Amino acid sequence: MKILRIFVSCVIICGQTCKHVFLWLVEPEKHPDFWKEWAQRTLKNALTLQDLNKNVAKNIILFLGDGMGVPTVTAARILKGQMSGQSGEETQLEMDKFPYVALSKTYNTNAQVPDSAGTATAYLCGVKANEGTVGVSAAAVRSQCNTTQGNEVTSILKWAKDAGKSVGIVTTTRVNHATPSAAYAHCVDRDWYSDGDMPTEALQSGCKDIARQLFENIPDIDVIMGGGRRNMYPRNTPDVEYPGDKKHNGTRKDGRNLVGEWIDRVKDKKGYYAWNRKDLLSLNPNNVDYLLGLFEPADLPYELERNKETDPSLTEMVDVAIKILRKNERGFYLLVEGGRIDHGHHEGKAKQALHEAVEMDRAITRADLLTSIYDTLTVVTADHSHVFSFGGYTPRGNSIFGLAPTVSDIDQKPFTSILYGNGPGFKLVNSTRENVSTVDYEQNNYQAQSAVPLRMETHGGEDVAIFSKGPMAHLLHGVQEQHYIPHVMAYAACIGQNKDHCRTNSGSPSLSHISPTLALLLAVKWLLC
């Protein structure tokens, strides 16, 4: 009412001019200057990128949204805005603010549409690989143990550790799931979580399960957080949180208690184990050098279903991880996976998937507050996409989980904006498509309709986005092969293979990458001067 009174008084005094001012204040998008000024601000920001950040990256953070294709990013952006009372489309995710964006080609060496294991090997180890395999080259064949030896490849996590950096893994899945396992394991089958999941012939041939490799291959990983408790304990060992539920019991055949072994190894090194949120958040990161947090027997629950008393959020885990890792004067490498975006899509539960993506974006925001763009390279990407889409000519501000504004001109039934190309949402009622207006299509576990019936929805094969900021972030540009990503990150941090461009301890440029003739000329010039 106050604005209206001002408007009426203003119109009496200055007529049409004031009317335009009022529209500018109340409905700015209807005024051309709103869009022009927005574009000019964006242009000025873009011009600042001419001064490239070529600092050495002391810290490296990779945020991996499992299954977070471009449609998922867009839908999550709208959801984030709608959660705060906006229409949503104009909202910015934290990753949207990153100055550089590229596209990643996600195919595996033997698959047009990839899986999360072969892709993880690409963006962590810098080598394209076969689907279903982690930390091995394409010469290794899935499930064939005898193709492991000699085909192992190491990851950027190990390159960073070898360079004296602290390293960490944070995930909302099991810590021995496909994505994190490629950081430390060499395994021809991503499903070999514990020795209880392996065939006898593989064990007899000397292959190791992924949980065991987590603690043996790189035994001094500083921070490990996620789920996966049951793969660490002997078979039939009751779970600490669900002692009466046998499905959560330990699975190991070898009788080893990997958590107990880890605790013994770090007991004199400021090492701590946590299995619930309270224990985690009670820790003082300044007094912790090693942390193992296993908060569920398998994967962590969806964010919408998380028990806030027992399970930490991804943002909380990232906060603790960075505060522990950043104490190292040489910096750190941190892998963060929003792993259950993928699971939500596979189940056709778009609401679960998108809330997982929004939570990962919160974690990115938290990481930004704890680090500096001047010495920290942050990359956000996905391993692959999904056959997830949203459309239907919905009006501005339409609930991202809502209906399209018109019914089908074929069966005269309504449809949701969100749909899947395949998956469990395919359903016929009396031999025709279900009428979605008769169900609660905005509930957390609603399975959006799909074109093809499958028990589990599949991955998509299109390129995914790479968002980057910080030192050398400009090298992630254009359309790139997925395995290029860790090479850029290593180059920026002066670890791994590419070090010739790095400065020596004296601060002088290294000459090892310069031609002999140019090096001689520079040396003569230095002597003459």
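The values are calculated or read from the model by the stated rules, or taken from the named source; none is laboratory data. In this text, all values refer to a predicted model and were calculated from it rather than measured experimentally. Every residue, glycine among them, receives a Cβ derived from its backbone with ideal geometry; neighbour counts consider all protein chains shown. Areas reflect the complete protein model, heavy atoms only, side chains present, ligands, DNA and RNA absent. Shrake-Rupley method; radii C 1.70, N 1.55, O 1.52, S 1.80 Å.
Of all DSSP bridge pairs formed entirely within the chain, close to 35 percent run antiparallel. Of the cross-linked pairs 36/58; 80/278; 30/351; 54/158; 44/105, those separated by over 29 Å at the C-alpha level are 36/58; 30/351; 44/105. When you count the other C-beta atoms within 10 angstrom of each residue and take the mean per peptide, 411-420, 47-56 line up highest first as 411-420, 47-56.
Each Lys or Arg adds one and each Asp or Glu takes one away; over the other residues whose Cβ falls under 14 Å from the Cβ of residue 89, this sums to 0.
Amide H contacts of residue 434 (H built 1.01 Å from N, in plane; Pro and chain starts excluded): 427, 429 sit under 5 Å, all sequence-distant by 5 or more or on other chains. The distance separating the Cα centre of the range 259-287 from that of the range 76-107 comes to 35 Å.
For the charge dipole of the chain, defined by +1 on Lys and Arg C-beta atoms and -1 on Asp and Glu C-beta atoms about the Cα centroid, which residue among 489, 358, 410 has the Cα displaced farthest towards the positive pole? Selected residue: 489.
The listed residues 261, 241, 337, 305, once ranked by accessible area (1.4 Å probe) with the largest placed first, stand as 305, 261, 241, 337. Think of the range 29-117 as having a plus end and a minus end, set by charges on the Cβ of Lys, Arg, Asp and Glu; of 63, 106, 43, 43 sits farthest toward the positive end of this dipole. Sorting the segments 73-79, 177-183 by their residues' average number of neighbouring beta-carbon atoms within 10 angstrom, most packed first, yields 177-183, 73-79. Pairs of alpha-carbon atoms within less than 8 angstrom and 6+ residues apart define the contacts here; what relative contact order does the chain have, in percent? Relative contact order comes out at 22 percent.
Taking a ≥ b ≥ c as the square roots of the Cα gyration tensor eigenvalues, with a/c under 1.5 meaning rounded and otherwise prolate when a/b beats b/c, else oblate, which class fits the chain? Oblate shape, in that a/c is at least 1.5 and b/c is the bigger or equal ratio. Once backbone amide H atoms are built at 1.01 Å from N, residue 422 has 451, 452, 458 as its partners under 5 Å, excluding neighbours fewer than 5 places away on the same chain.
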